Amino acid sequence: MDKLLSAVIPAFNEEAMVEKTAVTVAGVLRDAGIPYELIFVDDGSRDGTWEAILRAHEADKHVRGVSFSRNFGKDRAIFAGLSRAKGDCAAVLDCDLQHPPQVLPTMTALWEQGFELVEGVKRDRGEESGFHRLCAGAFYAVISKLAKLDMKRSSDFKLLDRKVVDTLLALPEEDVFFRGLTAFVGFKKTEVEFDVAERTAGQSKWSFRSLARYAVSSVTAFSAAPMQLAMIFGALFALIAVVTGILYAIVGYDASGWLVFLGVTALLALACVLLCLGVMGYYLGRLFRQSMGRPRYIIARECGE
Ligand code: UDP
Ligand code: MG
């Protein structure tokens, strides 16, 4: 092949993995005869990730590096890598080799056949626990429905044509969600199944809290439906009020059980109002952040060209 492939690899506290990943990915691409560059994006790591990237760059000049001034999150790191990519196509993969680079030649072959977006789809979810699997299942069921995109089994392991890269980079939103946006932009796509490999070093950066935040942020990026919660709650409590009123009038005044029921209903209604206010506040926050026009990320250092 005479076309260049840019592999974009976000890395947060991956000092134990960077060099191994660089050697492995480069080895696979070299063996397959695919001209490549590797772009590591150090997402504000607190360990020696940047130094490891510099060492990988010394060992192989095809390795380039970008380092954020602080942690901005994986999706923004992916976008920073894509913005630096010079390739005719760009692959995105994790720094922990859980996205097997051995699949890259297959992805590249499909791209050469004319597919503009080759998506890695998980055959199984690797070492994740039952609880994690349940949460992920619920997350994708909700977001698939809200965003009207099929997000099940999807991953960030993808190969994008230059056209797709440029389209993604032209999107103006500050809070980017890579998986959702690749589904949003469309293009001619196909899938390649892969088995999630086990992480050999370092540890997963996802806590339950960060996953929950990710879920909320991705849903609200694609759907305004949660804002309509207020209407549903409003209708529900109006109905309760009417039915209660009618029953109360029929049953009479001395039934003190109704007072308790009314009190509980009123508290529940108040809770729903506050919940809806919170949801509105969340969207308003998004608007606010977008309106400030701050950059998606801040780059502190770069190496390689
Ligand atoms: N990552 C990142 N910024 C973050 C969290 C993670 O760039 O804030 C990178 C991480 O270094 C890895 C990839 O995203 O290359 C996937 O992260 P991880 O392995 O922790 O996620 P999991 O595989 O458990 O879903
Ligand atoms: Mg991982």
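The values are calculated or read from the model by the stated rules, or taken from the named source; none is laboratory data. For clarity, every value in this text was computed on a predicted model and none was experimentally measured. So basically every Cβ, Gly included, is an ideal-geometry build from the backbone, and we count neighbours across all protein chains shown. Protein only, heavy atoms only, side chains kept; ligands, DNA and RNA dropped before computing areas. Shrake-Rupley method; radii C 1.70, N 1.55, O 1.52, S 1.80 Å.
Taking the criterion of being touching a helix residue (DSSP H, G or I) at 6+ places or on another chain (Cβ under 8 Å) and of a type in the set (S, T, Y), the residues of segment 22-56 that qualify are T24, Y36, T49.
Checked against the criteria, A77 counts as within 16 Å of ligand 2 (Cβ to nearest atom) and aliphatic (A, V, I, L, M).
Restricting attention to segment 86-120, the residues that are open to solvent by 10 Å² or more (accessible area, probe 1.4 Å) and either part of a loop (DSSP other than H, G, I, E, B) or more than 16 Å from ligand 2 (Cβ to nearest atom) (or both) add up to 19. Consider D166 carefully, then state whether it is open to solvent by 30 Å² or more (accessible area, probe 1.4 Å), in a helix (DSSP H, G or I) and modelled with pLDDT of 80 or more. Considered against the rule, which asks whether it is open to solvent by 30 Å² or more (accessible area, probe 1.4 Å), in a helix (DSSP H, G or I) and modelled with pLDDT of 80 or more, D166 comes out as yes. Taken over segment 205-215, the criterion of being open to solvent by 70 Å² or more (accessible area, probe 1.4 Å), more than 10 Å from ligand 1 (Cβ to nearest atom) and not charged (D, E, K, R) is satisfied by F208 alone. Restricting L159, L149, L134 to residues that are modelled with pLDDT of 85 or more and hydrophobic (A, V, I, L, M, F, W, C) narrows the list to L159. The listed residues are T220, T244, and the only one of them that is away from ligand 1 (no atom under 16 Å from the Cβ), open to solvent by less than 40 Å² (accessible area, probe 1.4 Å), at pLDDT 75 or above and touching a Pro at 6+ places or on another chain (Cβ under 8 Å) turns out to be T220.
Taking segment 19-43 as the range and being within 16 Å of ligand 2 (Cβ to nearest atom) and out of contact with any Gly (no Cβ under 9 Å at 6 or more places or on another chain) as the test, the residues that pass are K20, T21, T24, V25. Looking at V8, is it within 16 Å of ligand 2 (Cβ to nearest atom), open to solvent by less than 10 Å² (accessible area, probe 1.4 Å), free of Cβ contacts under 8 Å to residues at least 60 places away in the same chain and in a strand (DSSP E or B)? In short, no.
Test R179 against the criterion of being within 30 Å of W111 (Cα to Cα), within 16 Å of ligand 2 (Cβ to nearest atom) and part of a helix (DSSP H, G or I), and give yes or no.
So R179 fits the description; yes.
For segment 193-210, the set of residues classified as within 15 Å of A136 (Cβ to Cβ), part of a loop (DSSP other than H, G, I, E, B) and more than 13 Å from ligand 2 (Cβ to nearest atom) consists of S207 only. In the set (1) out of contact with any helix residue (DSSP H, G or I) (no Cβ under 6 Å at 6 or more places or on another chain); (2) open to solvent by less than 20 Å² (accessible area, probe 1.4 Å); (3) over 28 Å from G186 (Cβ atoms), the condition left unmet by A59 is number (2).
Of all residue pairs spaced 6 or more apart or on separate chains, those with beta-carbon atoms under 7 Å, a first member in segment 194-213 that is of a type in the set (S, T, Y) and a second member that is within 10 Å of ligand 2 (Cβ to nearest atom) and open to solvent by less than 70 Å² (accessible area, probe 1.4 Å) are T200/L97. Of all residues in segment 11-38, those that are under 15 Å from F157 (Cβ atoms), open to solvent by 10 Å² or more (accessible area, probe 1.4 Å) and either hydrophobic (A, V, I, L, M, F, W, C) or more than 16 Å from ligand 1 (Cβ to nearest atom) (or both) total 1.
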